[in-house]
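Accompanying notes for the structure given below.
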Amino acid sequence: RKEVEQDPGPFNVPEGATVAFNCTYSNSASQSFFWYRQDCRKEPKLLMSVYSSGNEDGRFTAQLNRASQYISLLIRDSKLSDSATYLCVVNIRISNFGNEKLTFGTGTRLTIIP
Amino acid sequence: GAVVSQHPSWVICKSGTSVKIECRSLDFQATTMFWYRQFPKQSLMLMATSNEGSKATYEQGVEKDKFLINHASLTLSTLTVTSAHPEDSSFYICSARDGRRKLIVDTEAFFGQGTRLTVV
């Protein structure tokens, strides 16, 4: 089983639609969670961190369910510029000395259609 | 936000030659740098974790003698792909964490722009 699993995609949705991505992780010791966005042939860029209480940033809402080891991202009123690959990222502390490891999901490709 | 500069952004080399990729943190101290590799339509796979002044920790399946990592200062880490072969062609990305925030779990990793390596 992969450490971080995401919806396979691709998602092709019309502009203005709402789209949701799901992600599950297998390591219960995971400590922090993120959604990154990656444009074609570019480096990943942090979209938002994910907290247990849920957090919102404009059109983007992220949720975390630690009991189910499940993370979600909701994009409302999607724009053409939202087209990208969305990566679910989990941070695991691997030692008592503060060493951490980011594990990436395979990503879900989103294309917004005009 | 913090900036990580990676160089070169792309390189084409002949099979059997070595290629060095540099990763610099421009405005913070990066006590830890990570090196990733990404094949087309796949996720980023961690290759190794590099701590300043000590040997890198390699992930299972990554050859330490082929992918040489040097992290000699708090702002620079290098990855050298030795005796490159076509199967090493990939997108290599570094990321760095701000050493002052090391013990804070919920920290952002800053990524370099990536290096697209093509071995012919």
Cys residues of chain A counted as unpaired, since no other Cys beta-carbon is under 4.7 Å: A:C40
Report, in whole Å, the centroid distance computed from the Cα atoms of the range A:2-21 and the range B:30-52. 24
Per residue of the range A:11-19, what does 6.51 cos²θ - 1.76 cosθ + 1.60 with θ = phi - 60° give for ³J(HN,Hα)? Whole Hz please, x for Gly and Pro, Karplus curve as stated. 9, 10, 10, x, 4, x, 6, 9, 10
Report the one residue of B:F67, B:L46, B:S83 whose Cα lies farthest in the direction of the positive end of the charge dipole of the range B:15-107 (charges on C-beta: Lys and Arg +1, Asp and Glu -1; origin at the Cα centre). B:L46
If r is the Cβ-Cβ distance from A:A67 to A:T18 and R0 is 22 Å, what FRET efficiency results, to the nearest 0.05? 0.30
For chain A, with +1 on Lys and Arg beta carbons and -1 on Asp and Glu, the positive-most of A:N65, A:T108, A:A29 along the dipole: A:A29
If you only keep lysine pairs separated by 8 or more in sequence, or across chains, how many in the protein assembly as shown come under 13 Å at the Cα atoms? 4
Connecting C-alpha atoms closer than 10 Å in a GNM of chain A, tell me which of A:R66, A:R37, A:R93 has the biggest fluctuation. A:R93
With the contact rule set at Cα under 8 Å and sequence spacing of 6 or more, what percent relative contact order holds for chain B? 37
Placed amide H near B:S89: partners under 5 Å, 5+ positions off or other chain: B:V119
What ratio of Cα Rg to 2.2 N^0.38 Å holds for chain A? 1.06
With charges only on Cβ, +1 for K and R and -1 for D and E, what is the dipole size of chain B about its Cα centre, in debye, rounded to 20? 80
For the protein assembly as shown, the Debye formula with one identical point scatterer on each Cα and no solvent gives log10 I(q)/I(0) at q = 0.09, 0.10, 0.11, 0.12 Å⁻¹ as -0.38, -0.47, -0.57, -0.67
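We did not get these values from a lab; they are worked out from the coordinates using the rules stated. Since the structure is predicted, the reported quantities are computational estimates derived from the model, not experimental observations. In this analysis, Cβ positions are derived from the backbone assuming ideal geometry, glycine residues included, and neighbour counts consider all displayed protein chains.
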